[in-house]
Amino acid sequence: MFESVLVANRGEIARRIVRTVKCMGLRAIAVHSEADTDLPFVREADEAFLLGPAAPAQSYLDVAKVIEACRATGARAVHPGYGFLAENAAFARAVIDAGLVWVGPAPDAIERMGDKINARNLMEAAGVPVAAGTREPVTGLPQALAAAAEIGYPVMVKTAGGGGGIGMGVAHDEAGLAGAFQTAVRAAERFSGRTGSEGGGAGPAILLERYIQRARHVEVQILGTADGTVVALGERDCSVQRRHQKVVEESPSPGVTPELRERMLAAAVRAGEAVGYRGAGTVECLVDADEQDFVFLEMNTRLQVEHPVTELVTGVDLVEQQLRVAAGEPVTFTAAPPRGHAIELRVYAEDPKRFFPGPGKIDVWEEPAGPGIRLDSGYVAGNTVTPFYDPLMAKLCVHGDDREEALARAREAVAAFRVEGPKNNLPFLAELLDDAEFAGGDYDTGLVARMRS
């Protein structure tokens, strides 16, 4: 086992990784921007290195500066968390080329799963169900119209690269497809940093897939061990979303039958085996709530934001297992059926009605506590949520013997959580927990839109 780990991230996920690194008796090294100097993750690390200004391109996304930080601090391993450089194959290679240990899957696995078209083709070949869709990049509207006619409306339009649901849109007819296609193209250009006029005039790669009318977003946590085994650690339901961005997750999914769960977990293991996966990863699926069937959506080659719900129902520290796999050590748990029910609620600095970011100084920060409550937070009173990064402030997680108990604990915890200063979505989370559709468990990805219509 290496003796030190540099955490190439910020906020709540950096703080959470630092906690496990120190619990394992290893030295935790933080990197940070000028804007984040006073945040808890910087203070709680054994050592901290200033990367540069607040702008991510000059700090957290600057590969050369992160490698420099490793050399300056004597770090032996790099954990990327999620976001920023976590799914950047070039960064993973730079870490390895510098003689350091990369805490994540092999760069080629990141690359192969980073392109949604390549990923779905690979998954189809491995026997993982995929939706009817395009097997080659769609680079122009005429090609998109022809593909949609073959697939059948409605279709989902999305970029081949990138994640987080940015640029996604649903087209119900040719007129709708023209708008959705242009939205996806603009998102792809922002993601890649190039326009369709470059590289011989070909536009960005777009993917079209058959749209599932009443879909649940359900993902399976996998772990590829050092000996090559891939195990599945249950599923998470991530269907509560605004603008295709997750807000609440729970495990197990209330919308998945035991038979469907068994098929999904087996498919996720096949997906991991198809790319020789090592470390923690997530196989995301769309579940047809009416047909009780599923298709592959994408694979996230990193730790997920919502990993705490899996930890709560399995008792497995996923960060610890990531570090052990990266060091070539065997995992320290025995896979067992999940216990009880867990829910994660993302607490954002945003308007609870329209979900627009609302950064600002935190004047009051009073955290809930008690049996079955876990809070992964990135801030304390006196800190400032700046406009430079994602407005996620904390993840409020609860565990109960069953879903009813978990919901009751979630309601109590949200009511006890006080945040004053920046706008926050705690009022929305309270509203959601009392919503009959969510409380009943029979919801889909359109729930938030219906609540706000």
Sorted largest first, the C-alpha extents of segment 215-451 along its principal axes in whole angstrom are 49, 43, 33
Two pseudo-spin positions, 7 Å from Cα along C-beta at Arg214 and at Asp97, lie apart in nanometres by 5.2
At what distance in nm do the modelled label points of Glu174 and Glu262 sit from each other, each positioned 7 Å from its Cα along Cα→Cβ?
-> 4.7
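Kirkwood Rh over Cα pairs of segment 356-430 into Stokes-Einstein at 37 °C, 0.692 mPa s: D in µm²/s? Could you put the intermediate results ahead of the total?
On the way: Rh = 13.0 Å.
For the chosen part, D equals 252 µm²/s.
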Per its Cα gyration tensor (rounded if a/c is under 1.5, else prolate when a/b beats b/c, else oblate), segment 301-431 is best filed as oblate
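How far, in nm, would the chain grow between Ala336 and Glu367 when pulled straight, counting 0.36 nm per residue and subtracting the alpha carbon separation?
Working: separation 31, 0.36 × 31 = 11.16 nm, distance 3.15 nm.
Answer, rounded to one decimal: 8.0 nm.
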Spin-label model distance (nm) - Glu431 vs Phe356, 7 Å beyond Cα toward Cβ | 1.6
Run the numbers on the chain and let me know its relative contact order in percent, using alpha-carbon pairs under 8 Å that are six or more apart.
-> 14
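Roughly what % antiparallel, to the nearest 5, for the DSSP beta bridges in the chain? Kindly include the intermediate steps, with their values, before the conclusion.
Details: 60 of 75 bridges.
Of those bridges, close to 80 percent are antiparallel.
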Rounded, prolate or oblate: which fits segment 236-343, taking a ≥ b ≥ c as square roots of the Cα gyration tensor eigenvalues, rounded meaning a/c under 1.5, else prolate when a/b beats b/c?
-> prolate
Please work out how much length the chain gains when fully extended from Glu34 to Arg270, using 0.36 nm per residue of separation minus the C-alpha to C-alpha distance, in nm with one decimal.
-> 80.6 nm
Over segment 4-103, consider all pairs of different Cα atoms and compute the Kirkwood hydrodynamic radius from their mean reciprocal separation; express it in Å, one decimal.
-> 12.9
Residue span Gln58 to Ser453: 0.36 nm per residue of separation minus Cα-Cα distance leaves a gain in nm of 138.2 nm
Asserting the computed 222 nm helical MRE of the chain (DSSP H runs at least 4 long, -39500 (n - 2.57) per run, divided by residue count, to nearest 500) equals -10000 deg cm²/dmol
By a straight-distance test (C-alpha under 22 Å), which lysines pair with Lys423 as possible cross-link partners, with residues fewer than eight away in the same chain excluded?
-> Lys246, Lys353, Lys361, Lys395
Under the rule rounded for a/c under 1.5, else prolate if a/b exceeds b/c, else oblate, using alpha carbon gyration tensor axes a ≥ b ≥ c, segment 254-314 is classed as oblate
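Where a number appears in this text, it was derived from the coordinates with a stated rule and is not lab data. Quick caveat, the model's predicted, so the values are computed rather than measured. Positions of Cβ are generated from backbone atoms using ideal geometry, with glycine treated the same way; all protein chains shown enter the neighbour counts.
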